[in-house]
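In what follows, a structure is listed as structure tokens, so that the remarks can point back to it.
The values are calculated or read from the model by the stated rules, or taken from the named source; none is laboratory data. Predicted model only: the values in this text are computed from it and were never measured. Positions of Cβ are backbone-derived with ideal geometry, glycine not excepted, and every protein chain shown enters the neighbour counts.
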């Protein structure tokens, strides 16, 4: 049986799960810069103050030439996630999209490679179906004996970008509360949220139960910490930052005869 197929949590995995849950419940905001391979994981983990890592499914898929949206084979996704886990001693949460057809089983396999948290999209499925999915995932975590940090994601904003913001917020509130009642410790509401929307979500969910995404134009991390947000993630934006720097180097070399920028660090 390969490491990806192994389905039993180790003591080390259980320890990391408890630590990741503690980091979400602590008063200090948890910021995670998302990674997509072993070298990006080691690079981010080496930064002082980094306490946990999260993968970005979009970034992993792109690095293998796949479009986002569960087009990458789940075995390949989990293999890459396992490499990231092995590259660091920090707790790792994995972005597992909508669960690749069987979210609970995918989470069980992810726990088998040392993952202790996951984003799982609701993809705006009927609410009762989405709630059953949360319940099934948390049941698997209990069976494995892991304090698994399910970052239960609702796509209320991202799948209805042109919709009425008040209606999107009401939908996120309804679905988020239902996911918390089903056992999820945290709810992820990606989108360009305003201060007022974040305050409403935190009031409804309780302090340290909301994850946001750090896209340009959202409230500062200091403000979000002060107002009870548990975690900020950066999704595929971190890979975009890295690729922008790479493309700018290529432009400088090809168009201006430049070279490696001063101050470049040798990181691998």
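Among the residues making up the stretch 99-150, those that are without any contact (Cβ under 8 Å) to a residue 40 or more places away in the chain, outside any helix (DSSP H, G or I) and farther than 20 Å from residue 58 by Cα are 125, 126.
Do the conditions hold for residue 211, that is, is it assigned to a helix (DSSP H, G or I) and touching a residue at least 24 places away in the same chain (Cβ under 8 Å)?
On the way: assigned to a helix (DSSP H, G or I): no; touching a residue at least 24 places away in the same chain (Cβ under 8 Å): yes.
For residue 211, the condition - assigned to a helix (DSSP H, G or I) and touching a residue at least 24 places away in the same chain (Cβ under 8 Å) - is not met.
Could you check, for the stretch 183-206, whether at least one of its residues is closer than 22 Å to residue 51 by Cβ and surrounded by fewer than 15 Cβ atoms within 10 Å (Cβ to Cβ)? Within the stretch 183-206, one or more residues are closer than 22 Å to residue 51 by Cβ and surrounded by fewer than 15 Cβ atoms within 10 Å (Cβ to Cβ).
One residue stands out in the stretch 214-236 among those that are without any contact (Cβ under 8 Å) to a residue 60 or more places away in the chain and either in contact with a helix residue (DSSP H, G or I) (Cβ under 9 Å, 6 or more places away or on another chain) or within 28 Å of residue 39 (Cβ to Cβ) (or both): the one that is surrounded by the fewest Cβ atoms within 10 Å (Cβ to Cβ), namely 216.
Taking the stretch 84-98 as the range and being over 20 Å from residue 146 (Cα atoms) and part of a helix (DSSP H, G or I) as the test, no residue passes. Tallying residues that are assigned to a loop (DSSP other than H, G, I, E, B) and either in contact with a helix residue (DSSP H, G or I) (Cβ under 9 Å, 6 or more places away or on another chain) or at positive phi (or both) within the stretch 191-206 yields 4. Within the stretch 168-190, being under 10 Å from residue 154 (Cα atoms), touching a helix residue (DSSP H, G or I) at 6+ places or on another chain (Cβ under 8 Å) and not in a helix (DSSP H, G or I) holds for 187, 189.
Condition (residue is in contact with a strand residue (DSSP E or B) (Cβ under 8 Å, 6 or more places away or on another chain), surrounded by fewer than 21 Cβ atoms within 10 Å (Cβ to Cβ) and either under 24 Å from residue 184 (Cβ atoms) or free of Cβ contacts under 8 Å to residues at least 12 places away in the same chain (or both)) applied to the stretch 5-21: is it met by at least one residue? Yes, there is a match, as at least one residue in the stretch 5-21 is in contact with a strand residue (DSSP E or B) (Cβ under 8 Å, 6 or more places away or on another chain), surrounded by fewer than 21 Cβ atoms within 10 Å (Cβ to Cβ) and either under 24 Å from residue 184 (Cβ atoms) or free of Cβ contacts under 8 Å to residues at least 12 places away in the same chain (or both). In the set (1) closer than 16 Å to residue 233 by Cα; (2) touching a helix residue (DSSP H, G or I) at 6+ places or on another chain (Cβ under 9 Å); (3) touching a residue at least 60 places away in the same chain (Cβ under 8 Å), residue 50 fails one condition alone, (3).
Among all positions in the stretch 70-79, there is at least one residue which is without any contact (Cβ under 8 Å) to a residue 60 or more places away in the chain, under 27 Å from residue 15 (Cβ atoms), in contact with a helix residue (DSSP H, G or I) (Cβ under 7 Å, 6 or more places away or on another chain) and surrounded by fewer than 24 Cβ atoms within 10 Å (Cβ to Cβ). So which of 56, 61, 86 ends up being in contact (Cβ under 8 Å) with a residue 60 or more places away in the chain and either touching a helix residue (DSSP H, G or I) at 6+ places or on another chain (Cβ under 8 Å) or surrounded by fewer than 24 Cβ atoms within 10 Å (Cβ to Cβ) (or both)? Unique residue meeting the criteria: 56. All of (1) more than 17 Å from the chain's Cα centre (by Cα); (2) in a loop (DSSP other than H, G, I, E, B); (3) at pLDDT 95 or above hold for residue 9 with one exception: (3).
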